[in-house]
Amino acid sequence: MQETPPKTPGANFTPTSRDNPPALSVALVGFGTVGRSVAKILYELNNRDGLLRLTHICNRNFERKKQPWVPSDVTWTDDLQTILNSDVDIVVELIGGLTPAEELVRGALAAGKSVVTANKQLIARHGPDLLQFASANGCQLEFGASVAGGVPVLPALRTGLSGDRLHGIAGILNGTCNYILSRIETDRIPFSEALEEAQARGYAEADASEDLDGGDARAKLSILALAGLHVRVSPAEIRARTIRPIDAVDFDYASELGCTIRQISRADLKETTLLADVGPSLVPASSPFGRVQRNLNLVLTSGEYGGDMAFLGAGAGGDPTAVAVVSDLMFVAERLAAGSPSTGPRPHRPLQLASPRVSCDFETPWYLRFLVKDQPGIIASLAAILSAHQLNIDAVLQNSGFDKNALPFVITLEPCRDAQLHPALEEMAALPFALKPCLCLPILR
Ligand SMILES: NC(=O)c1ccc[n+]([C@@H]2O[C@H](COP(=O)([O-])OP(=O)(O)OC[C@H]3O[C@@H](n4cnc5c(N)ncnc54)[C@H](OP(=O)(O)O)[C@@H]3O)[C@@H](O)[C@H]2O)c1
C-alpha cells in the first residue's frame with residue numbers, strides 16, 4: 001500500500017558534522033500503523049536534527065510494505081536475526097504480541113542495543129525482568145507508548161513526577177470502552193448498537209473481548225503501577241469487570257445521582273497492599289473522568305507531596321503513538337550520546353520494586369441496579385438481606401413507565417467494602433423475582 005508521502009525534512013536541518021556527535025542508528029521492527037508513522041516522523045524531522053538515523057526496517061514480507069519516500073540507503077529485511085547481528089544502536093519493537101517480540105527485545109538487550117517498544121502485553125507480563133536485564137547489560141529500555149498511546153504519562157512518571165512519592169493512579173485507559181460508554185450516554189442507544197458503531201468506525205476489533213472485559217486496561221494499569229508506584233503486579237492479579245451489562249437505563253439512574261459511567265482503572269498503594277480494580281464505575285458527571293468523551297484517555301496521579309496531576313489526550317492512533325515512540329528514541333539517544341567514550345552510557349538505575357499483596361477490597365458507596373419481575377415485597381426482601389449483612393441503604397430509585405415484567409430499579413448503598421457486599425449480592429441473585437444478577441458498580445466521588 002502506498003500512501004501520502006511525508007513532508008520534506010524540516011528547515012531546522014542540522015547536518016551531522018565533526019562538531020556534532022555521529023547519528024545513532026535505529027532499526028524499526030514492525031512497519032504497521034505505528035511503525036510507518038515513526039518512520040515518517042523521523043524522515044520529516046530529518047532524523048531529529050541529525051541525532052538519529054533510520055538504517056533498517058524489518059517486517060515480514062517487506063516487499064509489499066516498501067514506500068518510495070523511505071530513503072534508499074535504508075536496509076529492508078524480514079529477518080530479525082539480521083537486526084540483532086547488525087551494528088544498530090537502538091531497536092524499536094513495533095510488531096506487538098509476545099512472540100517473537102520478547103525474543104527480539106531480549107536478544108537486542110543481550111547484544112548491547114537499547115530498545116524502545118510500544119508493546120503493552122510484553123511490558124505488562126515481563127516489564128520488571130526486562131528492565132533488570134537492560135540495566136545489567138548497560139542498555140536502556142523505554143516503553144512510553146505502551147500505555148495511553150500519545151499521552152506522555154509514563155515519561156512523566158519517569159522524570160517529572162519521580163521526585164514525588166505516588167500512592168494512587170487512576171485512569172480511563174481503554175478508548176474502545178470510553179467510546180462505547182460515552183455513545184450510550186449521549187444518545188441512550190443500546191450497548192449492542194454502540195459496540196457495532198465502534199466496530200464500524202475502527203475503534204473496536206471484531207472480537208473486542210480484551211477491551212470490553214477489562215483485559216487491555218488491567219495490563220496498562222499494571223504498567224502504570226510498575227512505573228509510578230514501583231510495584232510488581234501481574235495483570236492477572238488485578239480484578240477486571242466487564243462493561244457488557246451497562247444499559248442506557250443506567251445512565252438515566254446515574255444522572256439522577258449527578259453521575260455518569262466510565263470504565264475506570266485504579267490502583268492505590270496502602271502500605272503493603274495494592275488495591276486495584278478495573279471496570280465500569282459511577283463518576284460525578286462534572287468530574288475530569290465524567291467529562292472524557294469518545295476514545296480519549298485520561299490518567300490522574302496522586303502524590304504525597306505534589307498532590308493530584310492529570311494527563312489527557314489521544315490514547316491510540318498511528319501518529320499520536322509514534323510521537324511517544326520518537327520521544328522515547330530522543331530520550332535514549334540523548335543518554336547514549338551523553339555517555340563517556342571510556343565507560344559508555346550510564347544505564348538506568350534499576351527500579352527497586354515491591355511485591356505487595358493485591359486486593360480489590362476498596363471501600364466505596366455502591367450502585368446496585370436490579371432487573372426484576374415486579375411483585376409485592378421485593379424491596380422488603382432485598383432490605384432484609386442488606387440489613388443482615390450490616391449494609392446501609394442510601395437511596396432507592398425507581399422510574400415509572402417500565403414493563404412490570406422487566407423492571408429496572410436501583411438501590412444505592414452507603415460506603416462499605418467490596419468483600420462485605422459480595423455475599424449479600426450472591427443471596428440476592430437467588431431471589432425468585434431477579435431476572436438477572438444485579439449490576440453492581442462502585443460510586444467514585
Ligand atoms: N495502533 C495504536 O494505536 C497503538 C497504540 C498504542 C500502542 N500500540 C502498540 O504498538 C505496537 C504496534 O501496533 P500497530 O498498531 O502498529 O500494529 P500493526 O499495524 O499490526 O503493525 C505490526 C507490524 O508488525 C509486522 N509483524 C508482525 N509480526 C512480525 C514478525 N514476526 N516479523 C516481522 N514483522 C512482523 C506486521 O506485519 P503484517 O503487515 O504482515 O501483519 C505489521 O506490519 C503494538 O505493540 C501495539 O500494541 C499501538
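The values are calculated or read from the model by the stated rules, or taken from the named source; none is laboratory data. Remember, predicted model here, so these are calculated numbers, not experimental data. Because the Cβ atoms are built from the backbone with ideal geometry, glycine has one as well, and the counts that use them run over all protein chains shown.
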Legend entry - Counted residues, the range 281-298 - those being crowded, with 19+ Cβ neighbours inside 10 Å and not in a loop (DSSP other than H, G, I, E, B): 6
Inset, instruction - Would you tally the residues in the range 143-196 being touching a Leu at 6+ places or on another chain (Cβ under 8 Å) and among the β-branched types (Val, Ile, Thr)? - result: 7
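Just checking, does the range 304-321 include any residue being surrounded by fewer than 16 Cβ atoms within 10 Å (Cβ to Cβ), of a type in the set (Asp, Glu) and under 22 Å from the mean Cα position of the chain (by Cα)? Walk me through how you get there before you give the answer.
Initially, the range 304-321 is screened for residues surrounded by fewer than 16 Cβ atoms within 10 Å (Cβ to Cβ), giving 304-308, 310.
Pick out the ones that are also of a type in the set (Asp, Glu) and you get 304, 308.
The next check asks that each one be under 22 Å from the mean Cα position of the chain (by Cα); those that pass are 308.
Within the range 304-321, one or more residues are surrounded by fewer than 16 Cβ atoms within 10 Å (Cβ to Cβ), of a type in the set (Asp, Glu) and under 22 Å from the mean Cα position of the chain (by Cα).
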Legend entry - Residues within the range 22-42 that are part of a helix (DSSP H, G or I), in contact with a strand residue (DSSP E or B) (Cβ under 7 Å, 6 or more places away or on another chain) and more than 18 Å from Phe143 (Cβ to Cβ), tallied: 2
Legend entry - For Pro437: the one exception among (1) in contact with a Leu (Cβ under 8 Å, 6 or more places away or on another chain); (2) surrounded by 13 or more Cβ atoms within 10 Å (Cβ to Cβ); (3) modelled with pLDDT of 95 or more: (3)
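Please count how many residues of the range 126-182 are in a strand (DSSP E or B) and buried (at least 23 other Cβ atoms within 10 Å of the Cβ). It would help to see each step written out before you state the result.
Applying the first criterion (in a strand (DSSP E or B)) to the range 126-182 yields 141-142, 166-172.
Now drop any that are not buried (at least 23 other Cβ atoms within 10 Å of the Cβ), which leaves 141-142, 166, 169-172.
Result for the range 126-182: 7.
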Legend entry - Complete set of residues in the range 386-401 that are surrounded by 13 or more Cβ atoms within 10 Å (Cβ to Cβ) and over 38 Å from the mean Cα position of the chain (by Cα): none
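Residues are listed down the side, and each one gets a yes or a no for (1) within 15 Å of the ligand (Cβ to nearest atom); (2) under 30 Å from Arg53 (Cβ atoms); (3) of a type in the set (Lys, Arg):
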{"site": "Val299", "(1), (2), (3)": "yes, no, no"}
{"site": "Tyr305", "(1), (2), (3)": "no, no, no"}
{"site": "Met309", "(1), (2), (3)": "no, no, no"}
{"site": "Ala316", "(1), (2), (3)": "yes, yes, no"}
{"site": "Phe331", "(1), (2), (3)": "no, yes, no"}
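Examine the range 74-89 for a residue that is within 12 Å of the ligand (Cβ to nearest atom) and under 22 Å from Asp328 (Cα atoms), and state whether such a residue exists. Steps first, please.
Looking only at the range 74-89, we keep the residues that are within 12 Å of the ligand (Cβ to nearest atom), and these are 76-83.
With the extra rule that they be under 22 Å from Asp328 (Cα atoms), the set shrinks to 80, 83.
Yes, because at least one residue in the range 74-89 is within 12 Å of the ligand (Cβ to nearest atom) and under 22 Å from Asp328 (Cα atoms).
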Inset, instruction - Could you tell me whether any residue of the range 36-52 is touching a Pro at 6+ places or on another chain (Cβ under 9 Å) and within 11 Å of the ligand (Cβ to nearest atom)? - result: yes
Legend entry - Flag if Leu229 is closer than 30 Å to Gln132 by Cβ and crowded, with 23+ Cβ neighbours inside 10 Å: yes
Legend entry - Which numbered condition Gly97 misses (of (1) near the ligand (Cβ under 10 Å from one of its atoms); (2) surrounded by fewer than 24 Cβ atoms within 10 Å (Cβ to Cβ); (3) on the phi < 0 side of the Ramachandran plot): (3)
Inset, instruction - For the range 206-221, state whether one or more residues are touching a Gly at 6+ places or on another chain (Cβ under 9 Å), in a helix (DSSP H, G or I), surrounded by 16 or more Cβ atoms within 10 Å (Cβ to Cβ) and of a type in the set (Ser, Thr, Tyr). - result: no
Legend entry - Checklist (1) without any contact (Cβ under 8 Å) to a residue 40 or more places away in the chain; (2) near the ligand (Cβ under 10 Å from one of its atoms); (3) of a type outside the set (Ser, Thr, Tyr); (4) under 30 Å from Gly214 (Cβ atoms) applied to Phe133, failing item: (2)
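When residues of the range 302-317 are filtered for being touching a helix residue (DSSP H, G or I) at 6+ places or on another chain (Cβ under 6 Å) and modelled with pLDDT of 95 or more, how many remain? Break it down stepwise before answering.
So the first thing to find is which residues in the range 302-317 are touching a helix residue (DSSP H, G or I) at 6+ places or on another chain (Cβ under 6 Å), and the list is 311, 314-316.
Okay, now just the ones that are also modelled with pLDDT of 95 or more, so 311.
So the answer is 1.
Return yes when Asp129 is modelled with pLDDT of 95 or more, over 21 Å from Arg232 (Cα atoms) and acidic (Asp, Glu) and no when it is not.
On the way: modelled with pLDDT of 95 or more: yes; over 21 Å from Arg232 (Cα atoms): no; acidic (Asp, Glu): yes.
The answer is no for Asp129.
Counting only residues that are away from the ligand (no atom under 15 Å from the Cβ) and either of a type in the set (S, T, N, Q) or crowded, with 20+ Cβ neighbours inside 10 Å (or both), how many does the range 54-73 have?
Narrowing the range 54-73 to residues away from the ligand (no atom under 15 Å from the Cβ): 54-55, 68-69, 71-73.
This time we only want the ones that are either of a type in the set (S, T, N, Q) or crowded, with 20+ Cβ neighbours inside 10 Å (or both), so: 54-55, 72.
Residues in the range 54-73 being away from the ligand (no atom under 15 Å from the Cβ) and either of a type in the set (S, T, N, Q) or crowded, with 20+ Cβ neighbours inside 10 Å (or both): 3 in total.
How many residues, within the range 222-246, are of a type outside the set (D, E, K, R), more than 19 Å from Ala156 (Cβ to Cβ) and assigned to a loop (DSSP other than H, G, I, E, B)? Quick ask: steps written out before the conclusion?
Our first condition is that a residue be of a type outside the set (D, E, K, R); within the range 222-246, this holds for 222-231, 233-236, 238, 240, 242-243, 245-246.
When the remaining residues are screened for being more than 19 Å from Ala156 (Cβ to Cβ), the result is 233-236, 238, 240, 242-243, 245-246.
Checking which are assigned to a loop (DSSP other than H, G, I, E, B) leaves us with 233-234, 238, 242-243, 245-246.
Counting residues in the range 222-246 that are of a type outside the set (D, E, K, R), more than 19 Å from Ala156 (Cβ to Cβ) and assigned to a loop (DSSP other than H, G, I, E, B) gives 7.
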Legend entry - Which listed residue is under 20 Å from Asp328 (Cα atoms), free of Cβ contacts under 8 Å to residues at least 60 places away in the same chain and within 12 Å of the ligand (Cβ to nearest atom), from Val92, Val115, Val105, Val147: Val105
Legend entry - Selection within the range 403-417 - touching a residue at least 12 places away in the same chain (Cβ under 8 Å), farther than 16 Å from Pro437 by Cα and out of contact with any helix residue (DSSP H, G or I) (no Cβ under 8 Å at 6 or more places or on another chain): Lys404, Glu414, Pro415, Cys416, Arg417
Inset, instruction - Under 6 Å between Cβ atoms, at least 6 apart or on separate chains: pull out the pairs that start in the range 55-67 with a residue that is more than 12 Å from Ile83 (Cβ to Cβ) and end on any residue that is near the ligand (Cβ under 8 Å from one of its atoms) and among the β-branched types (Val, Ile, Thr). - result: none
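Of the residues that sit in the range 328-342 and are surrounded by fewer than 19 Cβ atoms within 10 Å (Cβ to Cβ) and either of a type outside the set (D, E, K, R) or free of Cβ contacts under 8 Å to residues at least 40 places away in the same chain (or both), which one is nearest to Gly35 (Cα to Cα)? Write out each step before concluding.
Step one: of the range 328-342, the residues surrounded by fewer than 19 Cβ atoms within 10 Å (Cβ to Cβ) are 330-331, 334-335, 337-342.
Narrowing further to those that are either of a type outside the set (D, E, K, R) or free of Cβ contacts under 8 Å to residues at least 40 places away in the same chain (or both): 330-331, 337-342.
Working: Met330: 16, Phe331: 18, Ala337: 24, Ala338: 27, Gly339: 28, Ser340: 31, Pro341: 31, Ser342: 34 Å.
Among those residues, the one meeting the criterion is Met330.
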